[in-house]
Amino acid sequence: MAPENISCLQLQDDPTAAGQARAHVRAQLAAWNLDELIMTTELVASELVGNVVRHARGPVTLRLLRGRTLICEVADASPAMPRIRRAADTDENGRGLQLIAAVTSRWGARYTGSGKCIWTEQLLSTDPLGERVSYESV
C-alpha cells in the first residue's frame, strides 16, 4: 500500500486521546475526500480509543488505511481481547462494540507483538485507487 494511503497517529492513554483521534480522523478523511465517512469513523475511533483509556493500557496507535475500503485500526499494549457485552437498559456503558458492529462492514481483533489491534472496515462508495484492499491484505 502506498504511503499516501496510510495515516498513523500515536496517542497517550489519557482522557484527551479520544478527542485527538476524532480530530485526526476528520482532517485525514477530508484530505482523502471521504467526507461521507467522517462522522462514522470519528465515532468508531472515539469508541475504540476510549476503550483503551478505560480498560487497557497505552500507548495507543490509531491507523487509517485507504483503498477500496477504509480500515481503522487501534492498537494498544494490552493482550486482553474485547468482547461484545449485553448491556441492560439502565447501564450507562457496554454498548460501544455493538455500535461499532452496527456501523461498520465488519470488525475484529488480533494479537500483536506488544498487545492487540482492533480493526474495523467500511466500504467506500467508490474505489478511488482502483485496487482491492481489505484487512486480510494489509
Whole-Hz Karplus ³J(HN,Hα) for segment 4-12, in order, using 6.51 cos²θ - 1.76 cosθ + 1.60 and θ = phi - 60°, x for Gly and Pro?
6, 9, 10, 10, 10, 9, 8, 10, 8
Under 8 Å for C-alpha pairs, at least 6 residues apart: give me the relative contact order for segment 1-123, rounded to a whole percent.
24 percent
Under 5 Å between amide H atoms, partner at least 5 residues away or on a different chain: which partners does Asp13 have, H built in plane at 1.01 Å?
Gly58, Val60
Residues with amide H under 5 Å from that of Thr104, placed H, sequence gap 5 or more:
none
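Quick one: Kirkwood hydrodynamic radius for segment 1-85, alpha-carbon pairs, angstrom, one decimal?
Details: mean 1/r = 0.0767 Å⁻¹.
With all distinct Cα pairs of segment 1-85 included, I get 13.0 Å.
All of the numbers you see were taken from the coordinates with simple rules; none came from a lab. Being a predicted model, the structure only gives us computed values, none of them experimental.
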